[in-house]
Amino acid sequence: MTKYEKAIVLWQQKNVTTDAELSEVLSSHSISFAYHSGKIENDNVTYHDTREIFEHDGVTSYTGDLRTLFEIRNSKDAYEFFLTAFHEKRSLDEAFVKELQRLLTQNTYDTRRWQLGERPGEYKHHDFVTGKEEVGAAPEDVQEELSELLAELIDISERNALTAAAYFHAKFENIHLFADGNGRTGRLAMNYFLVIHNHPPITIHEEDRKDYYAALEAWDSEQNLDMLRDFLRNQTEKTWEKQIARAGKRIQ
């Protein structure tokens, strides 16, 4: 049995059905996920500050910029929304995605975006560079493209959850729905999809961002999903390696 398969077995043995159970299982992972997801796009995010906000709802002796502080605080709000949505058995739909992005980006849009009329929780009104040669979908096409993507995820089996999650994430980032926060929103939305399909959520580690971006670029340029799927499989193993090691021979 591979480490990835062991991670799946461990998660499914927990039989998580309530938000309280999910919160318990993700206790330390929620901080790690928020830290790494934020750090991928903002080098000023620190694990210490993230832990302080998640555990104490504030920081002491903070000397960083306010935007970073808001981003970390927003990640906690988004995580609480994640848990509530799981409790309510919400589907991954348009309203969910827009609310997730609003929570992650409130009070963080820069002056240029604000002056252009961009607002948290709203689809972009202008084009923004997303990759080497990409600007994403045209603003007027965003809603339709997201609707088509979400429709493709209906009736996905647990067995195919990782492949579907990779496809969702690649397409989501390629569409680039919002003026800001697409990466953080996409990663958290992908984890919600995984959890509601009885698959362990994944922390994409900031030290692996080059491989992560390369995998996303492979989809943008070649519609090659293999790189991202394999990357997510490896990140699943890395996310849950301590639990796998503790389980030892129980799941061999």
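The values are calculated or read from the model by the stated rules, or taken from the named source; none is laboratory data. Bear in mind the structure is a predicted one, so any value in this text is a computation, not a measurement. Virtual Cβ from ideal backbone geometry, glycine too; neighbours counted across all protein chains shown.
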Check: Given the structure, is ASN198 in contact (Cβ under 8 Å) with a residue 40 or more places away in the chain, surrounded by fewer than 18 Cβ atoms within 10 Å (Cβ to Cβ) and assigned to a loop (DSSP other than H, G, I, E, B)?
Finding: yes
Notebook entry, point to check: Within the range 201-232, how many residues turn out to be of a type outside the set (D, E, K, R) and either part of a helix (DSSP H, G or I) or in contact with a Cys (Cβ under 9 Å, 6 or more places away or on another chain) (or both)?
Noted result: 12
Checklist line | Any chance THR185 is touching a helix residue (DSSP H, G or I) at 6+ places or on another chain (Cβ under 9 Å), surrounded by fewer than 22 Cβ atoms within 10 Å (Cβ to Cβ) and of a type in the set (S, T, N, Q) | finding: no
Next item on the list: Can you give me the number of residues within the range 145-182 that are over 23 Å from ARG233 (Cβ atoms) and aliphatic (A, V, I, L, M)?
Entry: 7
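Identify, please: which residue in the range 37-52 is in a loop (DSSP other than H, G, I, E, B) and among the polar types (S, T, N, Q) and is, among those, farthest from GLN235 (Cα to Cα)?
Per the criteria, the residue is ASN44.
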Margin query: When the residues of the range 27-40 are narrowed to those that are of a type outside the set (Gly, Ala, Ser) and modelled with pLDDT of 95 or more, which ends up nearest to PRO200 (Cα to Cα)?
Written below: PHE33
Next item on the list: Test ALA164 against the stated conditions and say whether it is over 18 Å from VAL16 (Cβ atoms), in contact with a helix residue (DSSP H, G or I) (Cβ under 9 Å, 6 or more places away or on another chain), touching a residue at least 24 places away in the same chain (Cβ under 8 Å) and in a loop (DSSP other than H, G, I, E, B).
Entry: no
Item checked: Any chance LEU194 is modelled with pLDDT of 95 or more and touching a Pro at 6+ places or on another chain (Cβ under 8 Å) -> yes
Margin query: Criterion first (acidic (Asp, Glu) and within 15 Å of the chain's Cα centre (by Cα)) does GLU206 satisfy it?
Written below: yes
Next item on the list: Go through the range 3-19 and count every residue that is free of Cβ contacts under 8 Å to residues at least 12 places away in the same chain and either under 21 Å from the mean Cα position of the chain (by Cα) or outside any helix (DSSP H, G or I) (or both).
Entry: 2
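Against the condition in contact with a helix residue (DSSP H, G or I) (Cβ under 9 Å, 6 or more places away or on another chain), without any contact (Cβ under 8 Å) to a residue 12 or more places away in the chain and either part of a helix (DSSP H, G or I) or small (Gly, Ala, Ser) (or both), how does GLY58 come out, does it pass?
On the way: in contact with a helix residue (DSSP H, G or I) (Cβ under 9 Å, 6 or more places away or on another chain): yes; without any contact (Cβ under 8 Å) to a residue 12 or more places away in the chain: yes; either part of a helix (DSSP H, G or I) or small (Gly, Ala, Ser) (or both): yes.
Here the answer is yes, as GLY58 does meet what is asked.
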Check: Mind checking which residues of the range 88-113 are more than 23 Å from ASP141 (Cα to Cα) and loosely packed, with under 14 Cβ neighbours inside 10 Å?
Finding: GLU88, LYS89, ASN107, ASP110, THR111
Checklist line | Residues satisfying the stated conditions in the range 183-195, i.e. free of Cβ contacts under 8 Å to residues at least 60 places away in the same chain and more than 17 Å from GLU237 (Cα to Cα) | finding: GLY186
Check: Taking the range 65-88 as the region of interest, how many residues are at pLDDT 95 or above and assigned to a loop (DSSP other than H, G, I, E, B)?
Finding: 1
